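Below is one structure, written out as structure tokens; comments come after it.
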Amino acid sequence: MKPLRDFLVKALELFLIFTFAALTLDVLWGVFSRYVLNAQSRWTEELAIYLLVWLSLLGASLTYEEKGHLGVDYFVGKLHPDARKLGSVFMELVVLFFAGFGLLYGGWILVSNTLEAGQISPALGWKVGYLYSAAPIAGVFFIIFGVEHLMLLFSHEAKGEEETANKGGGV
């Protein structure tokens, strides 16, 4: 499972790097075309919005995988280790529920409905359903990483990692 996980993480990282570079170039072109050429490209703003959505959702899933998300660990650090583990399991289950129900299922419904309706983005002329597919794709990544976190919590290797994570993750 680790080679597949490593491949997914590396592919996600590369996709996010490409997306961020495309977003940067898009915004720079929008500014250049507006202020230097005095004729702003009509597609740059719309593309920037969709790139930012993809970057945010998939970047959040990568951050979750690395356990770099925000957390209040002051109170958690005061708890008994068993209570900390129970709290971590609860948190992972809440994330799995949100990822499964909100992102994956809700995102799938959103994508299906917009593709069925035939919505087209005004400036780019792309099918909006495909642009919305960032939600269910991010949901899949959240679920994969959440299951991995739960497996680590219940394995013997997680004991040392949990102590590190509860001390703020080194940030």
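The values are calculated or read from the model by the stated rules, or taken from the named source; none is laboratory data. Note that the structure is predicted; figures quoted are calculated from it, not measured. Glycine also receives a Cβ, built like all others from the backbone with ideal geometry; neighbour counts cover every protein chain displayed.
Every listed requirement among (1) closer than 26 Å to Pro136 by Cβ; (2) more than 22 Å from the chain's Cα centre (by Cα); (3) surrounded by 13 or more Cβ atoms within 10 Å (Cβ to Cβ) is met by Arg34 save one, (1).
A quick yes/no check of all residues on (1) of a type in the set (Asp, Glu); (2) surrounded by 15 or more Cβ atoms within 10 Å (Cβ to Cβ); (3) farther than 17 Å from Ala60 by Cα; (4) modelled with pLDDT of 95 or more:
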residue: Ser121; (1), (2), (3), (4): no, yes, yes, no
residue: Ser133; (1), (2), (3), (4): no, yes, no, yes
residue: Ala138; (1), (2), (3), (4): no, yes, no, yes
residue: Glu157; (1), (2), (3), (4): yes, no, yes, no
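In the stretch 118-139, which residue that is assigned to a loop (DSSP other than H, G, I, E, B) and not aromatic (Phe, Trp, Tyr) is nearest to the chain's Cα centre (by Cα)? Reasoning before the result, please.
Initial filter on the stretch 118-139 (assigned to a loop (DSSP other than H, G, I, E, B)): 118-119, 121-126, 132-133.
Adding the requirement that they be not aromatic (Phe, Trp, Tyr) leaves 118-119, 121-125, 133.
Working: Gly118: 26, Gln119: 24, Ser121: 23, Pro122: 26, Ala123: 26, Leu124: 24, Gly125: 25, Ser133: 12 Å.
Within the stretch 118-139, the match that is nearest to the chain's Cα centre (by Cα) is Ser133.
Just one of the listed residues (Leu57, Leu115, Leu104) is touching a Lys or Arg at 6+ places or on another chain (Cβ under 7 Å) and assigned to a helix (DSSP H, G or I), namely Leu115.
Whether any residue in the stretch 8-18 is outside any helix (DSSP H, G or I) and farther than 21 Å from Gly102 by Cα is what I want to check.
No; the residues of the stretch 8-18 include none that is outside any helix (DSSP H, G or I) and farther than 21 Å from Gly102 by Cα.
Filter the stretch 1-33 for residues that are charged (D, E, K, R) and over 21 Å from Leu131 (Cα atoms); which is modelled with the highest pLDDT? In this case the residue turns out to be Lys10.
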